[in-house]
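Nothing in this text is a laboratory measurement; each read-out follows from the coordinates by a stated rule. None of the values given here were measured: they were computed from a predicted structure. Positions of Cβ are backbone-derived with ideal geometry, glycine not excepted, and every protein chain shown enters the neighbour counts.
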Amino acid sequence: MARSAARFAGVALLAVGLWACAPPAALPEGSVEVRIETEAPLPSPAATGAPVFDGVRLEPFAPDGAPACDGCARELSLTRELVDAGATFVVQSDEVVILRVRLFCSRLAHMALEPGTVVERWVRLPPRPPEGTTRLAVMLPMERVGQPLGSLAEPTAPDAAGARLPPLPAATTAAVAATGEVCLDGGWFWMGDPRLPPESAAATPQPRLVHLSPFCVDDHEVTVAELRRSGVDTTMVVRWSGGAAATEATAFCDYTDAPGPNDDRPVNCVQREVAQAACQARGGDLPTAAQLEYLGSAFGRSSFVWGHDLPGCADAVFGRAVGVMVGDTSCSAGATVAFLPLTAVDLAATRDVLAVGAARIVGLASNLAELTREAAPPAGAGGADPPVGVLRDPERPVAADTTLILLRAGSYAGPPAETAAAVRASMGLTRLRPDVGFRCVR
């Protein structure tokens with residue numbers, strides 16, 4: 001404290017709030033005014049997607065690494081309108097100040113200021129002028145997330161006051177939707193969710209900033225009738241026994257060779273190879289894990305498709321394991337009748353619905369876990385993704401040595417926590433399960 005009072009008595013970070021266009025008229029004489037510049041999606045009434053950053057943290061240091069003054073650090077909210085109009089703050093110091101600036105997303109909770117989730121810049125600011133104002137800028141390019149610009153030992157020079165980053169390219173429009181599809185323009189979101197409860201241990205541990213290209217997706221899980229009409233070889237699909245006893249494993253599988261009472265139910269007990277062939281027969285494929293999480297998080301806005309709260313039994317189709325179907329039984333009606341997945345009409349009456357304009361996508365969080373076209377990462381491994389930076393259309397392809405495939409986890413046999421968008425599961429490449437189905441993308 002004595003050091004701050006002596007050498008840095010003139011240091012003040014006048015940023016109790018960012019202002020746009022111009023600072024207040026009564027600025028102290030001799031100031032360094034710094035403008036924040038970023039092209040990142042920020043909160044805005046005009047935005048169609050979720051913001052990926054919403055705040056900035058400012059911390060001044062002396063060149064020797066000591067805090068420039070006690071209590072000078074600030075965390076301030078950002079909006080797109082504020083930055084576009086010229087969001088500025090003022091530093092007053094009689095000596096050189098090294099400023100650490102971090103662009104962050106508050107929705108990442110305890111990981112909001114982790115090195116891999118911020119755009120960080122170290123800037124060497126000059127002392128204040130004897131009179132007037134020195135105007136500078138600090139550019140925070142989104143592509144540098146997790147990759148600091150400068151350091152305390154080697155800070156960068158500030159940018160010129162009028163420096164700007166080019167705006168993000170205009171979104172490419174997705175194809176026209178076919179019947180039973182919803183088409184999306186893609187966009188930015190944080191994949192992985194540190195806000196999930198501890199029981200969601202399978203959630204992605206490190207949030208990653210992801211950009212998805214436009215894609216179209218089925219508005220419901222592929223049904224028994226749709227798989228039959230696809231014309232693919234269904235020899236390996238387990239047939240429905242026709243019975244209802246929960247002690248009989250095939251009573252939980254719903255596929256039939258001829259039209260029957262299960263035609264509108266999502267098909268289950270299907271090998272990944274069959275599911276992928278059915279999607280490819282329509283000119284599509286199974287989705288990636290990123291695509292399913294983007295949808296299940298309401299395009300990056302929430303932990304669950306409906307919001308941030310764990311579901312109750314009437315909200316989604318989970319906790320209904322009975323008989324030989326091992327799993328969560330907290331929402332089971334009884335233990336004698338085999339459970340078959342609910343139809344799209346039934347799901348539309350739950351909270352497991354994503355509204356996209358006038359369209360509705362159902363079953364993203366529950367009912368059946370869903371196959372992806374990706375291999376599951378080895379236990380404890382980060383996979384082939386680069387350790388930091390933006391991921392564009394991330395995918396871990398199935399290879400010759402793949403034994404486990406990746407699933408979106410929430411199903412009728414799982415607990416409520418697994419209905420969160422970021423939760424993953426894995427399954428043997430050639431295995432089939434009554435609580436797993438699929439939908440297609442293109």
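When the helix-only estimate is applied to the chain (DSSP H runs of n ≥ 4, each -39,500 (n - 2.57), divided by the residue count), what is the mean residue ellipticity at 222 nm, nearest 500 deg cm²/dmol?
Values: 6 runs with 41 residues, N = 442.
The helix contribution divided over the chain gives -2500 deg cm²/dmol.
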Rounded to the nearest 0.05, what FRET efficiency is calculated for V345 and T156 with R0 set to 41 Å and r the Cβ-Cβ distance? 0.10
Once you place label points 7 Å from the Cα toward the Cβ at E75 and A225, how far apart are they in nm? 5.3 nm
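Figure the gain on full extension for D285 and R239 (residue separation times 0.36 nm, minus the Cα-Cα span) and round it to one decimal in nm. Don't skip to the end; give the middle numbers.
Values: separation 46, 0.36 × 46 = 16.56 nm, distance 2.36 nm.
Once the chain is fully extended between D285 and R239, it gains 14.2 nm.
Using square roots of five times the C-alpha gyration tensor eigenvalues, list the equivalent-ellipsoid semi-axes of the stretch 346-412 in whole Å, biggest first. List each step's numbers first, then the result.
Working: eigenvalues 173, 53, 20 Å².
Ellipsoid half-lengths, sorted descending, are 29, 16, 10 Å.
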Taking θ as phi - 60°, what are the ³J(HN,Hα) couplings along the stretch 184-196 by the Karplus curve (6.51, -1.76, 1.60), each to the nearest whole Hz, with x for Gly and Pro? 10, 7, x, x, 9, 6, 8, 8, x, 9, x, 7, 5
Selected from G242, F252, V210, residue furthest toward positive end of dipole (the stretch 157-286; charges at beta carbon): V210
Listed residues F61, L82, A376: farthest to the positive end of the dipole of the chain (Cβ charges): F61
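Using a Förster radius of 41 Å, what is the FRET efficiency between E131 and S44 based on their Cβ-Cβ separation? Nearest 0.05, please. Can you show the working numbers first?
Values: r = 37 Å, r/R0 = 0.91.
About 0.65, to the nearest 0.05.
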How fast does the stretch 390-442 diffuse by Stokes-Einstein, in µm²/s, taking the Kirkwood radius from C-alpha pairs at 10 °C and 1.306 mPa s? 123 µm²/s
Treating only the Cβ atoms of Lys and Arg (+1) and Asp and Glu (-1) as charged, compute the dipole magnitude of the chain about its Cα centre; round to the nearest 20 debye. 300 debye
Residue (of S302, A277, L140) at the positive-pole extreme of the chain, dipole from beta-carbon charges: L140
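What net charge is computed for the residues neighbouring R431, neighbours being all others with C-beta under 12 Å from the C-beta of R431, Lys and Arg scored +1, Asp and Glu -1? Spell out each step's value before the answer.
Values: positive: R272, R433; negative: E273, D435.
Counting the neighbours of R431, the net charge comes to 0.
Of the listed peptides 121-130, 282-291, what is their order by residue-averaged count of other C-beta atoms within 10 Å, with the highest listed first?
Details: 121-130: 17.7, 282-291: 19.9.
Answer by packing, highest mean first, reads 282-291, 121-130.
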So, over other residues within a Cβ distance under 12 Å of Q92, counting Lys, Arg +1 and Asp, Glu -1, the net charge is -3
What angle, in degrees between 0 and 90 and rounded to the nearest 10, separates the Cα long axis of helix 272-281 from the longest principal axis of the Cα atoms of the chain? 80 degrees
In Hz, Karplus ³J(HN,Hα) per residue of the stretch 260-268 (6.51, -1.76, 1.60; θ = phi - 60°; x = Gly, Pro): x, x, 9, 4, 8, 7, x, 6, 10
How much net charge surrounds Q271 when only the other residues with a Cβ under 12 Å from the Cβ of Q271 are counted, with Lys and Arg +1 and Asp and Glu -1? +1
When the Kirkwood radius is taken over all Cα pairs of the stretch 91-197, what Stokes-Einstein diffusion coefficient follows at 37 °C and 0.692 mPa s, in µm²/s? 191 µm²/s
Estimated vicinal HN-Hα couplings, Hz - the stretch 370-376 in sequence order (Karplus 6.51, -1.76, 1.60; Gly, Pro = x): 10, 5, 10, 9, 10, 7, 6
5 angstrom amide H check on V337, placed H, neighbours 5+ away: A246
